[in-house]
């Protein structure tokens, strides 16, 4: 009976504490996932890959060599797949040719001999359905708790839109599938570069221009190897609100969201006395926007009072714009709350509202949906010592010394001048 009574008392105490503290914040998943890293290589095998302009060799032969070396060096825990586009249809019917994409190696533990044999048989053939291939590659990788990576290698822009590959990349990112697309361009073409930059930016990936066989091999290896490091750090998907009252409650972690042009999105973070809030936000420029834009991150009280802000602005020449802030209440415990017998205090947390705003404006013809990609990082740590009120401090000593030195210098200079003038007159 005594044990049951104690258990009931503990349970009631926990319930009371839950009511006092409020709902638990959303936490980003920081645990190491059980599933292995997954990556799919997507190779353009369209007719233009016959061109012999990389170290005197054809683009396809350079890509095949790079794939072979990547397969040999593949980390044991990484699951790899290979998809091609424009590899089989030799006719001129565009409607048929723009459906030409196949997965030649399924995503999973790699049979190196089988994978290299499949790549060796590829011959440049048809059209370039990049958008369809990206959508199919996302389906190949599936969904899960970790980020998947696609590495797209192509020498030309999509010749089959719709679907437009940039729109496909935004569509995949907006679904919260934790998909990153890295792109590699094999031809020095400005249109290709812009399209590949757009695809990469929409998903948080990277773009690289490969001008030699060594550059292509090295970069693919690097991206495949990166999959095993980044698949554990996929941001948690969260949806900000238009006001603080019903905004999601966040704990320390990394979060992803989408924000429309010139929108304000709100989040809440509990911060206890003696703690410091540190937050940063990054927005990817995944589509053409007007120049002179910016991102603003503010921390406010629930009554609307602004606590601190961080702002960054760009001119259209960067791929990501970021801002950050720090804030602490400066108190170690809430005023009026007496300490408990053991010296601690049950201090309620202060709710701080985080507001992400942007001044992006789309260029004519640019689609406004889905919203711009947002990555929000939140951390709550022990407060760092606040600096004292602004004053000169020891600078007063330096100021006095400089004043005395100035007076002495002026006095000596005056005496020397008078002596020189007197001497000149005598002569």
Segment residue 121-residue 249, length gained on full extension (0.36 nm per residue, minus Cα span): 40.7 nm
Label-point separation in nm, residue 401 to residue 309, each point 7 Å along Cα→Cβ: 4.1
Rg ratio (alpha-carbon, reference 2.2 N^0.38 Å) - the range 84-128: 1.31
Segment residue 218-residue 420, length gained on full extension (0.36 nm per residue, minus Cα span): 65.1 nm
Rel. contact order, % - alpha carbon contacts under 8 angstrom, at least six apart, the range 38-230: 25
Residue 95-residue 382 FRET efficiency (beta carbon distance; Förster radius 60 Å; 0.05 resolution): 0.40
Diffusion coefficient, µm² s⁻¹, Stokes-Einstein with Kirkwood Rh over alpha-carbon pairs of the range 38-230 at 25 °C and 0.890 mPa s: 152
Where labels lie 7 Å past Cα in the beta-carbon direction, separation of residue 143 and residue 51 in nm: 3.9
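Bear in mind these aren't lab numbers, they're just calculated from the coordinates by the rules spelled out. All figures in this text were calculated on a predicted structure; none of them were measured in a lab. Please note: Cβ atoms are built from the backbone with ideal geometry, for glycine as well, and neighbour counts cover all protein chains shown.
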